[in-house]
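The values are calculated or read from the model by the stated rules, or taken from the named source; none is laboratory data. Values in this document were obtained by computation on a predicted structure and should not be read as measured data. Every residue, glycine as well, gets a Cβ built from its backbone with ideal geometry; the counts of neighbours run over all protein chains shown. Remember, those area values only see protein heavy atoms, side chains included, never the ligands or the DNA or RNA. Shrake-Rupley method; radii C 1.70, N 1.55, O 1.52, S 1.80 Å.
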Amino acid sequence: MRYYSKRDWAMKAIIAAVWLIGIAVLFFMYTDDSATFLMIYVFGPMLVFGLVLVTASITNMYYELQEEGLYVKAGFYSYFFPYETMESIHPAKGFSMVGVKAGLAVTTGVAIKVNDGREFVRISPDNEASFRAELMEKAPHVKEVDEAISQREDKA
């Protein structure tokens with residue numbers, strides 16, 4: 001089943017801030033008298049392309065529990081995590097990104113501890129209870145832990 005990523009207020013605020021900063025930079029770049037050819041025709045379009053790329057990656061995110069493992073799609077990027085590498089699933093809270101292989105636009109959601117050298121996969125499925133139930137059905141060896149991942153555990 002496909003689970004789309006949920007958006008909380010913090011991620012919406014980050015997306016809005018990135019766009020506002022990008023628009024301000026473009027405005028000053030194109031209205032400044034000392035703007036060069038390189039700034040106008042190279043850096044400006046590159047900034048717009050970067051904003052579109054980041055926004056597409058953040059807003060077009062979903063997770064699929066396939067037969068072999070968890071497939072994560074984030075815009076133009078994708079990740080795959082086999083069930084054999086998963087050890088436990090925890091609630092995820094906050095902005096801690098230490099030890100995270102794929103921390104995909106998540107301030108709340110779930111953190112899956114993996115043993116393939118990546119530490120954690122942090123995702124935010126829209127229907128978290130259904131996601132957890134399906135994960136436990138497909139990978140019964142994964143332990144459900146009600147304790148949230150803290151920064152101290154991330155660094156360990």
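With 0.36 nm allotted per residue and the present C-alpha distance subtracted, the Glu134-Ala35 stretch has 30.1 nm of extension available.
Electrostatic bookkeeping for Tyr3 treats Lys and Arg as +1 and Asp and Glu as -1; over the other residues with beta carbon under 15 Å from its beta carbon, the sum is +2.
In the assembled protein chains, Phe76 presents an accessible area of approximately 140 Å² (probe radius 1.4 Å).
When Rg and the Kirkwood radius Rh are both evaluated on Cα atoms of region 40-85, their ratio Rg/Rh stands at 1.25.
Length, then width, then depth: along the principal axes, the Cα atoms of the chain run 63, 32, 28 Å. In this simple spin-label approximation, Leu20 and Ala56 carry label points 7 Å from Cα along the Cα→Cβ vector, and these lie 2.6 nm apart. Take the chain and mark each of the GluC sites (Glu not before Pro) that is in a DSSP loop with at most 15 other Cβ atoms within 10 Å; the longest unmarked stretch, sites excluded, is 69-146. Within the listed set Val18, Val114, Val54, the residue fluctuating most in the Gaussian network model of the chain (springs between alpha-carbon atoms under 10 angstrom) is Val18. Sorting Arg2, Arg7, Arg122, Arg132 by accessible area puts them as Arg2, Arg7, Arg132, Arg122; the probe is 1.4 Å, largest comes first, and only protein heavy atoms count.
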